[in-house]
1. Pick from Ala81, Ala29: which is over 14 Å from the mean Cα position of the chain (by Cα), hydrophobic (A, V, I, L, M, F, W, C) and surrounded by fewer than 16 Cβ atoms within 10 Å (Cβ to Cβ)?
2. Being modelled with pLDDT of 95 or more, closer than 19 Å to Thr50 by Cβ, of a type in the set (Gly, Ala, Ser) and buried (at least 16 other Cβ atoms within 10 Å of the Cβ) is the requirement here; does Ala89 meet it?
3. For Ala56, all conditions in the list (1) exposed (fewer than 13 other Cβ atoms within 10 Å of the Cβ); (2) at pLDDT 95 or above; (3) under 15 Å from Thr4 (Cα atoms) hold save one; what is the number of the exception?
4. Given the structure, is Lys91 among the charged types (D, E, K, R) and under 21 Å from Pro123 (Cα atoms)?
5. Has region 30-49 got any residue that is in a loop (DSSP other than H, G, I, E, B), of a type in the set (Lys, Arg) and under 26 Å from Asn108 (Cα atoms)?
6. Give just the number: which of (1) more than 15 Å from the chain's Cα centre (by Cα); (2) farther than 24 Å from Arg137 by Cα; (3) surrounded by 14 or more Cβ atoms within 10 Å (Cβ to Cβ); (4) not aliphatic (A, V, I, L, M) does Asp72 not satisfy?
7. From the list Leu10, Leu82, which one is under 13 Å from Val128 (Cα atoms), touching a helix residue (DSSP H, G or I) at 6+ places or on another chain (Cβ under 8 Å) and in contact (Cβ under 8 Å) with a residue 12 or more places away in the chain?
8. Would you confirm whether any residue within region 33-47 is charged (D, E, K, R) and either in contact with a helix residue (DSSP H, G or I) (Cβ under 7 Å, 6 or more places away or on another chain) or closer than 17 Å to Thr4 by Cβ (or both)?
Amino acid sequence: MKKTKRAQDLFLQGNNCAMAVFGAFCEEAGIDPEIAMKLASPFGAGMGKTRNVCGAVTGMLMAVGAVYGYTDPAEKGETFALSKKLLHAFKKKNGSLVCRTLLDLDENGEGEKGALPHTAESPCYTFVSDAAALLEREMKKPEK
């Protein structure tokens, strides 16, 4: 669970959820860590603080694309299959893929959990941990 720990540490350092997850896997993708963090930076708090798709989920899919992505449209099936599998597992574990739903916020992203600290007690820490662990577990599977 080395990558999951790395994602947790990145979150605790103040990075948003997408940055934490994608940043933990940038080496596998051959992406410079600074570039990875910049690429993921607008996806925190549900994509630009809109509280839509969870940043941890976005970071997880960014890592899938960076490591397993395709350039030939004929090869898209495997990338989509892996993405769907990870999305299903995250949703099954947490109940949603949407930031405001995960945090029980209203349509405007307002509510008691609207401004969360970067601590291990934050629900976002759990989402970062879950996304990274799912991805790390999937990456350890041998190729067919």
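The values are calculated or read from the model by the stated rules, or taken from the named source; none is laboratory data. Quick caveat: nothing in here was measured; it's all calculated off a predicted structure. With ideal geometry, Cβ positions are generated from the backbone for all residues, glycine too; neighbour counts draw on all protein chains shown.
1. On the way: Ala29 fails: surrounded by fewer than 16 Cβ atoms within 10 Å (Cβ to Cβ).
Ala81 is the lone residue from the list that is over 14 Å from the mean Cα position of the chain (by Cα), hydrophobic (A, V, I, L, M, F, W, C) and surrounded by fewer than 16 Cβ atoms within 10 Å (Cβ to Cβ).
2. Details: modelled with pLDDT of 95 or more: yes; closer than 19 Å to Thr50 by Cβ: no; of a type in the set (Gly, Ala, Ser): yes; buried (at least 16 other Cβ atoms within 10 Å of the Cβ): yes.
Considered against the rule, which asks whether it is modelled with pLDDT of 95 or more, closer than 19 Å to Thr50 by Cβ, of a type in the set (Gly, Ala, Ser) and buried (at least 16 other Cβ atoms within 10 Å of the Cβ), Ala89 comes out as no.
3. Going through the list (1) exposed (fewer than 13 other Cβ atoms within 10 Å of the Cβ); (2) at pLDDT 95 or above; (3) under 15 Å from Thr4 (Cα atoms), Ala56 breaks only (1).
4. Values: among the charged types (D, E, K, R): yes; under 21 Å from Pro123 (Cα atoms): yes.
Taking the combined requirement at face value, the residue satisfies it.
5. Residues of region 30-49 in a loop (DSSP other than H, G, I, E, B): 30-32, 44-49.
From what is left, the residues that are of a type in the set (Lys, Arg) are 49.
Subsequent filtering for residues that are under 26 Å from Asn108 (Cα atoms) retains 49.
Yes - at least one qualifying residue is present in region 30-49.
6. That leaves (3) as the condition not met.
7. Numbers: Leu82 fails: under 13 Å from Val128 (Cα atoms).
Exactly one residue qualifies, and that residue is Leu10.
8. Looking through region 33-47, none of the residues is charged (D, E, K, R) and either in contact with a helix residue (DSSP H, G or I) (Cβ under 7 Å, 6 or more places away or on another chain) or closer than 17 Å to Thr4 by Cβ (or both).
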